[in-house]
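Step one of this worksheet: look at the structure below.
The values are calculated or read from the model by the stated rules, or taken from the named source; none is laboratory data. Worth saying up front: this structure is predicted, and the values here are computed from it rather than measured. We place every Cβ from the backbone using ideal geometry, glycine too, and count neighbours over all the protein chains shown. SASA here: full protein model, heavy atoms, side chains in, ligands and nucleic acids out. Shrake-Rupley method; radii C 1.70, N 1.55, O 1.52, S 1.80 Å.
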Amino acid sequence: MKDFELEMQLRETLHESADHMEADDAMKARIDLMLNNQNTGRSRKNMWKRLTVGVAAALCLTTVGAFARGQLAGLASSLSTDDMQFSVEQLQKDTAKIADGLEIPEALAGYDFQKGAVTYVDKLDGEGNRFGTYPELMAYYGKTLTYTARAYDEELDGEHADKGQYYEGQPREEREMDGVTVSYQADRYIFLPPDAQPTAEEAELEAKGELYISYGTDTREEQTFQRVTWQQDGVVYQVFTDDDSVTADDLFAAAADALA
């Protein structure tokens, strides 16, 4: 999430990008609040999150977070309709920007490729200033899965990167697939109206890192964000979803398809 202000830039990009997409105002508002409503003054010990909320976020995906060490405070990436390729063959031509030989799957866990782009992600310091940029593949499968790939980055992936805290009972699992370790994790989020208050239990769970709370929606909503992550040949891959009907086995099956 974020510890600095990118509100105007991100909102402008979002509304320009989402004009042709089926997303209501409530969904757009939720993206805004996820990006801009996290600087609550509490200690940020959680790992950096990559989040996508609904269809509109497919064209305006921002990843920001808290890091324990170094200059890096967050990441920001925005996409527009002009960036999108609607065939694997066309998108494949751009993957050399990330790594030679990177292959894009035609389908993942039964979901067909819909669209994708190679976008550029800005590294940002605590004041929101850019000090580095790297390319990243983002591809969408059905309306359910998002697949990403980027080159290994020492600040994001190395031993000194903030790996975050885990809690007892958190959905986590690792599986070996063709000699590659694939890691699964799920995180819970609650979205509340601006004047609402979490219950004492929810506030306690948030303080322990077991729940993430944002404000700004019309009604109280809950979502779980799931992802699988792995590294291979200097590239970091991820498949994630906010669809509760998707299981951990489905995400591992998506990883297996990507590794095939």
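Observations on the structure shown:
- Three-way shape call for the range 141-248 based on the alpha-carbon gyration tensor, with the a/c threshold at 1.5: prolate
- Projected over all directions and averaged, the alpha-carbon convex hull of the range 120-190 occupies 7.7 nm².
- Counting charges near SER87 (Lys, Arg +1; Asp, Glu -1) among other residues having Cβ under 15 Å from its Cβ returns a value of -4.
- Solvent-accessible surface of the range 153-260, averaged per residue with a 1.4 angstrom probe and all protein chains in place: 50 square angstrom.
- Normalised by the number of residues in the range 113-222, the mean separation of alpha-carbon contacts (under 8 Å, six or more apart) gives a relative contact order of 17 percent.
- Other-chain or far-sequence residues with amide H under 5 Å of LYS115's (modelled H): TYR140
- D (Stokes-Einstein, µm²/s), Kirkwood Cα radius, the range 219-260, 1.306 mPa s at 10 °C: 139 µm²/s
- Under the combined filter of DSSP loop state and at most 14 neighbouring Cβ atoms within 10 Å, the range 82-184 retains these chymotrypsin sites (Phe, Trp or Tyr not before Pro): PHE86, TYR152, TYR166, TYR167.
- Hull volume in cubic angstrom per residue (convex hull over the Cα atoms of the range 78-225): 187 Å³
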